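Trainee: Here it is, the structure in full.
The values are calculated or read from the model by the stated rules, or taken from the named source; none is laboratory data. The shown structure was predicted, so the numbers you read here are calculated from the model rather than taken from an experiment. Here Cβ is always computed from backbone atoms with ideal geometry, including for glycine, and neighbour counts include all displayed protein chains. All accessible areas refer to the heavy atoms of the entire protein, side chains included, with ligands and DNA or RNA removed. Shrake-Rupley method; radii C 1.70, N 1.55, O 1.52, S 1.80 Å.
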Amino acid sequence: MKEREAREFLAQAGNYGIVPGLETMGELCRRLGNPQEKLQFVHIAGTNGKGSVSAYIATVLQEAGYRVGRYFSPAVFQYREIIQVNGRCIPVKTLCRGLEQIQEICGQMTGEGHAHPTAFEIETALGFLYFREKQCDIVVLETGMGGLLDATNIVENTVLAVLTSISMDHMKFLGKTLGEIAAQKAGILKATRPVVCGEQQEEAMEVIQAEAARLACPLVLAGRGMVSHVQYGLKRQHFDYGILRGLEITLAGSCQIENAALAVGTILELGKQGYVIPEEALRKGLCETVWRGRFTILGERPYFVADGAHNADAAKRLAESITFYFTNKRIVYIIGVLRDKAYEEILSATHFLADQIITVTPPGNTRALSAYELAGEVARIHPRVTAADSLEEAVEMAYLLTGKEDVIVAFGSLSYLGRLSEIVSQRGERSKGSGAGKN
C-alpha cells in the first residue's frame, strides 16, 4: 500500500462516522492478535485539556528514560502525528504496512457480516500495532470523545486513569447533562487502579467519586488546590506544586497551570506505581513540553495566537487568557467552526473582546460551517464581522486590520489551525526575505 492509498482508505473509513461501542473494535483487535494486551497505559479522558496533559506526561516519561507511545486525536498539523513514539510520528512505511494489514481484516470482517471499523477504530488499532512493535514501556492514550464506549477503552492494562476538566460537549453521543457526560468519561476507570482527577464541577465530581468507590479505585485529586506561587507569562510560567518549588512550563494560557498540575499529580502517582521518574526529569519534561494549537504564539508585533477552543468551556478559558494577557489591547478574531459544535455558545463567551471578527470555513471538512453562515450568526451579536473566502485571505485581512501593538486570535476547530499556522509562517518568511516588517 502506498501513502496515497493509505489516505484514501482512511478517508473511505471516515464515511462510517462515529459509532460508539466496543464490539467492532474488539473484533478488529482480536484478528490483529490483541496488540493492546502487550502494553501498559495511562488512559486519559475529559472534555478539555487532554492534549496538553498527555503532552506533559509523555515528555516527562521520555525524559525519565522510558520508551513512550502517545496516541491522540484529532490531528492538527499532519495526519501521522496522532501516533508517536518518543515524540516521533509513525513512519510512512510503517503506517502503510499496518493499514494494509488492517484493510485486509476489514474486508474479512464485512464479508462475515461484521460492521466495518470506523476511521477512529482503525487508527487506534494501528497505534496499538505500532506501540507493540516498538516495545513501548508505557503508552499515554487519549480517548477520542467519551470513555465508556470509546474505541480506546478496549484496553485493560491501565496503570492509572486521568480525568481532565469535564464539560458539555458531544451531547448527541454522551448525554444531555453534565452528570451523564461525566459517567461516560469515568467509564475508563478500571477496578482497583488509581484515577488522577483534575478540577471538576460538583455534578461531575459526584459521579466520578461514586464510580471510583464502586470500583475501589484510589482517587487522587490533582487540581489547583495543590498549586501555589503562580507566575503567569506568555513565554514562561512558574508554579509550586506541593513541596515541588519553581516548576516551569513554556506553554501559554491561564489554563496551562491547571493542566500542568494534573500532569504533575499523574507523574507522582506513577512513581508510587513503580515508575522511576527523577525530579530532574519531571522539571525538564514540563519545561520542554510542546503542544501546538493551544494558545500558541505564531507571531509577534502584532501577536498572533492560535487556539483550539471548540466548545463553550474552552471558549470561556480562551476569553480568560485573552483578558489576562492582553488587557487594553485591540483584538481581531479569526473564527472557523464545525456545524455540529455549539458555536452560538462559543461566540457568546468570546465576542465581546473583539474589535473585528473574520470568519472562515475550515477547509477539507464535511462538517464545517461555512464562513458566510458563521458571519450571519456573528452579526446577531457583533457589529463588525467579515467572511473570508479562504484562510489566506483571512490572515492577510487580519494583518491589514492590526497594528504592531494589536492582537490577532484564531480559534474554533482544530482542523484548520495547522494550515493557518503554515500560512502565518510563510508570510513571516516572505516579510523577512523582503526586508519588510509586519505592518
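Trainee: Please turn the phi angles of segment 56-68 into ³J(HN,Hα) values with the Karplus equation 6.51 cos²θ - 1.76 cosθ + 1.60 (θ = phi - 60°), one per residue in order, whole Hz, x for glycine and proline.
Mentor: 4, 4, 4, 5, 5, 4, 4, 4, 7, x, 8, 8, 10
Trainee: Right, something else. On average, how much accessible surface per residue is there in the chain, in Å², for a 1.4 Å probe, leaving out ligands, DNA and RNA? All intermediate terms of the calculation are to be shown ahead of the outcome.
Mentor: On the way: 18340 Å² over 439 residues.
Counting only protein heavy atoms, the per-residue value for the chain is 42 Å².
Trainee: Label 7 Å along Cα→Cβ of S370; segment 313-344 residues with amide nitrogen under 14 Å?
Mentor: 339
Trainee: Which GluC sites (Glu not before Pro) in segment 104-140 sit in a loop by DSSP (not H, G, I, E or B) and have at most 14 other Cβ atoms within 10 Å of their own Cβ? Write out the running numbers ahead of the final one.
Mentor: On the way: sites: E104, E112, E121, E123, E133; in loops: E112.
Answer by residue number: E112.
Trainee: Then there's this: Tell me the trypsin sites (Lys or Arg not before Pro) within segment 306-400 that lie in a loop according to DSSP and have at most 11 other beta-carbon atoms within 10 Å. Intermediate values should be presented prior to the final figure.
Mentor: Numbers: sites: K316, R317, K329, R330, R339, K341, R367, R380, R384; in loops: K329, R330, R339, K341, R367, R380, R384.
When the trypsin sites (Lys or Arg not before Pro) of segment 306-400 are filtered for loop state and at most 11 Cβ neighbours within 10 Å, R380 remain.
Trainee: Still on this structure: Please list the non-local residues whose amide H lies under 5 Å from the amide H of L338, H modeled 1.01 Å from N, same-chain partners needing a gap of 5 or more.
Mentor: Under 5 Å from the amide H of L338: L369, S413.
Trainee: What is the percent carbon and sulfur in the accessible area of the chain, measuring with a 1.4 Å probe over the protein chains and ignoring ligands? It would help to have the intermediate numbers written out before the result.
Mentor: Values: 8980 of 18340 Å².
That share works out to 49 percent.
Trainee: Please list 3J(HN,Hα) in residue order for segment 386-393, calculated via the Karplus relation 6.51 cos²θ - 1.76 cosθ + 1.60 where θ = phi - 60°; whole Hz, with x for glycine and proline.
Mentor: Taking θ as phi minus 60°, the curve returns 9, 8, 9, 7, 7, 5, 4, 5 Hz for segment 386-393.
Trainee: With each pseudo-label sitting 7 Å past Cα toward Cβ, what's the V92-A191 distance in nm, one decimal?
Mentor: Going by the 7 Å Cα→Cβ label model, 4.8 nm.
Trainee: Using θ = phi - 60° and the Karplus form 6.51 cos²θ - 1.76 cosθ + 1.60, what ³J(HN,Hα) does each residue of segment 411-417 get, whole Hz, x for Gly and Pro?
Mentor: 7, x, 5, 5, 5, 10, 5
Trainee: Now a separate question. Could you give the nm distance between label points at E405 and A216, where each point is 7 Å from its Cα heading toward the beta carbon?
Mentor: According to this spin-label approximation, the distance is 6.5 nm.
Trainee: Let me ask something else. Can you give me the long-range amide H partners of N48? Hydrogens built in the peptide plane at 1.01 Å from N, cutoff under 5 Å, separation of 5 or more residues or another chain.
Mentor: The list, which skips near neighbours in sequence, is S165, S167.
Trainee: Just one of [x] 21.1; [y] 20.1; [z] 23.5 is mean projected area of the Cα convex hull in nm² as worked out from the coordinates here. Which one is it?
Mentor: Answer label, from the structure shown: [x].
Trainee: Then there is this: Taking the DSSP beta bridges in the chain as the whole, what percent of them are antiparallel, to the nearest 5? Before the final figure, lay out the partial values.
Mentor: Values: 17 of 54 bridges.
So the antiparallel bridges amount to about 30 percent of the total.
Trainee: Show the residues, 5+ positions off or on another chain, whose built amide H is closer than 5 Å to the amide H of A387.
Mentor: For A387, whose amide H was placed from the backbone, the distant partners under 5 Å are T359.
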